[in-house]
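The values are calculated or read from the model by the stated rules, or taken from the named source; none is laboratory data. As the structure is a computational prediction, the values presented were derived from the model and not from experiment. Don't worry about glycine lacking a Cβ; one is built from the backbone with ideal geometry, like all the others, and counts go over all protein chains shown.
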Amino acid sequence: MSLKTLAPQVLTSSTLRNTVRLWHLLGRRLGGKTATLHAFLEPGEPYSELLIQALPRLQETYGLDVVRHCVGAPERSAAPEPEMLANWSSLDAEALAHAHGLAGVKGVVSDIGGEAQAGADLRRKLGHYASGMIWFEGEWYWGVDRLVHLERRLGAVPRQALFEPPAETGARTGGSFEMFFSLRSPYSYIALMRVFDLARRWGAEIKLRPVLPMVMRALPVPREKRFYIVRDCAREAERFGLEFGNICDPLGKGVENGLAILVDEINAGRGEVFVQSFMRGVWSEGLDASRPARFYKICKRAGIDWKHAEAVIATQDWREVVETNRQDMFAGGHWGVPSFRVGTRMCFGQDRLWQVGEWLAEEAGQEPA
């Protein structure tokens, strides 16, 4: 095992996570302190406004002290498309409010109190960059989407946080949708390892639309953001029963190899098998997709002839395809991955697959499950 793969395994280890939790728990109890939740909230920011509504229930249910910290907007390096983010988050928060039984947030600007710079300084010291975040004893939780992890940690059976397609009832929505994703995105990995099965439950077709990773599009990703993402993905992968953490970052040649083969396989109607083989290889098996011997293993598992793969890799035909995909994604008002489009409507995030299902049902004239 190389240092390249060992570091992510340590960072995403459930053993490390549980050790940190135990350390904080023992320190609190030995000090005779009350469990304290710190919420970092940006006035008027939709996800913060939703989280504000959820805090009283957490405080009452779990006997927590809740400290609110006012913060400003994230730096541009952490949110590279602020205008798109503002437009999307307003729409997304309304859908989340409905799904979680909360009030809408359009036009709401809460009086959080406190000085934004002090809140931002504490947030940075504790290792984060975003608004609408909870810090609880060494661990970060984003908005109402990640309360499922916090509540499980607090020892309760949380309310259902996601709305999955109705496999038990056998309801099928039909239709089709597009998925924009990156081979370097761990959230794309989590979505891609689930979405084909969910689509079969919906009876829907998927059009795969790969794009270049942000870093390969000259968009920097801050260190705090990278660390939070892999840790958050470890929790999400664990929740869905997916292996994750033995990572070999495919940035550069690995991504290029993968995109060349993937575009060719999509054109042949075989994208699912290869993309899952690739994503499993780099996100849970530590396979270096830039090295022929490792990439051969990824291709072989997907049933791809190696001589054919070598010929495809030598071409650059895929570049125009992925750039067209990126332009199409941006034209739809989205910049990040994974994003999904049903008809003319788009949503963003591996935790919005429930919304894809609802939209497919609406397109089919059904009542959402």
Practice problem: Answer yes if at least one residue in the range 40-53 is without any contact (Cβ under 8 Å) to a residue 12 or more places away in the chain and not assigned by TED's automatic domain parsing to the domain that holds Pro222, and no otherwise. | Solution: no
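Looking at Ala93, Ala79 in this structure, which one is part of a loop (DSSP other than H, G, I, E, B), under 26 Å from the mean Cα position of the chain (by Cα) and closer than 23 Å to Gln355 by Cβ? Full working, then the answer.
Values: Ala93 fails: part of a loop (DSSP other than H, G, I, E, B).
After ruling out the rest, the residue left standing is Ala79.
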Quiz item: Quick check: anything in the range 38-46 at pLDDT below 95 and part of a helix (DSSP H, G or I)?
Solution: no
Quiz item: Considering the range 101-129 alone, what residues qualify as being under 23 Å from the mean Cα position of the chain (by Cα), in contact (Cβ under 8 Å) with a residue 60 or more places away in the chain, assigned to a loop (DSSP other than H, G, I, E, B) and surrounded by fewer than 17 Cβ atoms within 10 Å (Cβ to Cβ)?
Solution: Gly127
Self-check item: Enumeration of residues in the range 316-332 that are more than 13 Å from Pro213 (Cα to Cα) and of a type in the set (Asp, Glu)
Solution: Asp317, Glu320, Asp328
Practice problem: For Tyr228, indicate whether it is in contact with a strand residue (DSSP E or B) (Cβ under 9 Å, 6 or more places away or on another chain), of a type outside the set (Lys, Arg) and outside the structural domain of Trp135 (by TED's automatic domain parsing). | Solution: yes
Self-check item: First in the range 276-288 and under 20 Å from Phe181 (Cα atoms) and of a type in the set (A, V, I, L, M), second anywhere and in a helix (DSSP H, G or I) and modelled with pLDDT of 95 or more, Cβ under 7 Å, 6 or more apart
Solution: Met279/Tyr189; Met279/Leu192; Met279/Met193; Val282/Gly254; Leu287/Gly281; Leu287/Arg294; Leu287/Lys297; Leu287/Ile298
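Consider Ser89 carefully, then state whether it is touching a residue at least 12 places away in the same chain (Cβ under 8 Å) and surrounded by fewer than 17 Cβ atoms within 10 Å (Cβ to Cβ). Let's see the steps before the verdict.
Details: touching a residue at least 12 places away in the same chain (Cβ under 8 Å): yes; surrounded by fewer than 17 Cβ atoms within 10 Å (Cβ to Cβ): no.
When the stated conditions are applied, Ser89 does not pass them.
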Practice problem: Enumerate the pairs (first residue in the range 323-335 and in the same structural domain as Arg345 (by TED's automatic domain parsing); second residue anywhere and part of a loop (DSSP other than H, G, I, E, B) and of a type outside the set (Val, Ile, Thr)) with beta-carbon separation below 6 Å, excluding pairs fewer than 6 apart on the same chain, so at least 6 apart or on different chains. | Solution: Trp335/Glu81
Quiz item: So Ala309 fits all but one of (1) surrounded by fewer than 22 Cβ atoms within 10 Å (Cβ to Cβ); (2) under 22 Å from Ser290 (Cα atoms); what number is the exception?
Solution: (1)
